[in-house]
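A short write-up of the structure that comes next.
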Amino acid sequence: MPRRIPGWRDYHIYPLNGPDLVRARKLATGNLRGGKAVLYTATGPGVLDQANVIVQDLRAIGLDVSVKAMAVEVINAKAGIPGEPYDMILADFPPGFPQSYPDPAMMLVRLLGGANARKPSGNTNFAYFDDPTYNRRLAAANRLVGPERFRAFSRLDAEIMRKQAPWAPLFEGANTLLLSKRVGCLKLHPVFVRDLAAMCVR
């Protein structure tokens, strides 16, 4: 979960101070499935630069990555179909789906719930992570309210990413808001960043 979502904690799941190529090659040995992978990526210079870094990094452990760039809408449509021939997707998080309110279910249930990986098309679980145990625990967390809800989802977030790793978060973006001294009544929102209707000019 990104840090703007209630329940987020920095668990330091991947405590790396820098690349560990020796360990990476050891983990990759016998797990490269032929040494080929397909990466779907959105278009744009920044994203394509990131895709090139992924290609170079994975080449170092013996994986040859083929990059296919396309519009985000095309990625969402293709990836929502079971069996679409991709291994990785490089896109915004969440991938092209609006987050209308800050709740952990908007991330974990929508992006990792098994029910969102079984439709003929339109799936939002692009990792096709469908584990009965975690499906039950996600559903149980989704029935809770208040702080207990956020704690349950937080624990699930850490455990799934540590033990299953259906996603590989690369970074988290930040927003900078520059305002005149005359602007007041600023209210920040975890999803929409700022409440424009509440702002006032002195």
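The values are calculated or read from the model by the stated rules, or taken from the named source; none is laboratory data. Since this is a predicted model, take the numbers as computed values, not measurements. Please note: Cβ atoms are built from the backbone with ideal geometry, for glycine as well, and neighbour counts cover all protein chains shown.
What the table shows:
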{"quantity": "Candidates Val72, Val55 - the one that is of a type outside the set (Lys, Arg) and in contact with a Gly (Cβ under 6 Å, 6 or more places away or on another chain)", "calculated": "Val72"}
{"quantity": "Test: residue in region 68-85 that is more than 22 Å from Lys119 (Cβ to Cβ) and either touching a residue at least 40 places away in the same chain (Cβ under 8 Å) or out of contact with any helix residue (DSSP H, G or I) (no Cβ under 7 Å at 6 or more places or on another chain) (or both)", "calculated": "yes"}
{"quantity": "Among the residues listed as Val38, Val53, the single one being over 30 Å from Pro102 (Cα atoms), among the β-branched types (Val, Ile, Thr) and in contact with an Asp or Glu (Cβ under 9 Å, 6 or more places away or on another chain)", "calculated": "Val38"}
{"quantity": "Hits in region 86-115 - residues which are at pLDDT 85 or above and part of a loop (DSSP other than H, G, I, E, B)", "calculated": "Tyr86, Asp87, Asp103, Pro104, Gly113"}
{"quantity": "Some residue of region 22-45 being loosely packed, with under 14 Cβ neighbours inside 10 Å, under 22 Å from Ala174 (Cβ atoms) and out of contact with any helix residue (DSSP H, G or I) (no Cβ under 9 Å at 6 or more places or on another chain)", "calculated": "yes"}
{"quantity": "Flag if Val22 is at pLDDT 95 or above and hydrophobic (A, V, I, L, M, F, W, C)", "calculated": "no"}
{"quantity": "Residue ID - surrounded by the fewest Cβ atoms within 10 Å (Cβ to Cβ), chosen from residues in region 146-191 that are within 30 Å of Val53 (Cβ to Cβ) and β-branched (Val, Ile, Thr)", "calculated": "Thr176"}
{"quantity": "Scan of region 28-48 for residues that are free of Cβ contacts under 8 Å to residues at least 12 places away in the same chain and assigned to a helix (DSSP H, G or I), ordered by number", "calculated": "Arg33, Gly34, Pro45, Gly46"}
{"quantity": "Any hit, region 116-124, residues being modelled with pLDDT under 95, under 13 Å from the mean Cα position of the chain (by Cα) and buried (at least 17 other Cβ atoms within 10 Å of the Cβ)", "calculated": "yes"}
{"quantity": "Where Ile5 falls short, out of the listed (1) modelled with pLDDT under 90; (2) farther than 28 Å from Leu138 by Cα; (3) part of a loop (DSSP other than H, G, I, E, B)", "calculated": "(2)"}
{"quantity": "Hits in region 70-87 (condition: small (Gly, Ala, Ser) and under 28 Å from Leu27 (Cα atoms))", "calculated": "Ala79, Gly83"}
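Quick grid of which residues meet (1) part of a helix (DSSP H, G or I); (2) at pLDDT 85 or above; (3) on the phi < 0 side of the Ramachandran plot:
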{"site": "Thr133", "(1), (2), (3)": "yes, yes, yes"}
{"site": "Arg149", "(1), (2), (3)": "yes, yes, yes"}
{"site": "Glu159", "(1), (2), (3)": "yes, yes, yes"}
{"site": "Ala165", "(1), (2), (3)": "no, yes, no"}
{"site": "Leu170", "(1), (2), (3)": "no, no, yes"}
{"site": "Thr176", "(1), (2), (3)": "no, no, yes"}
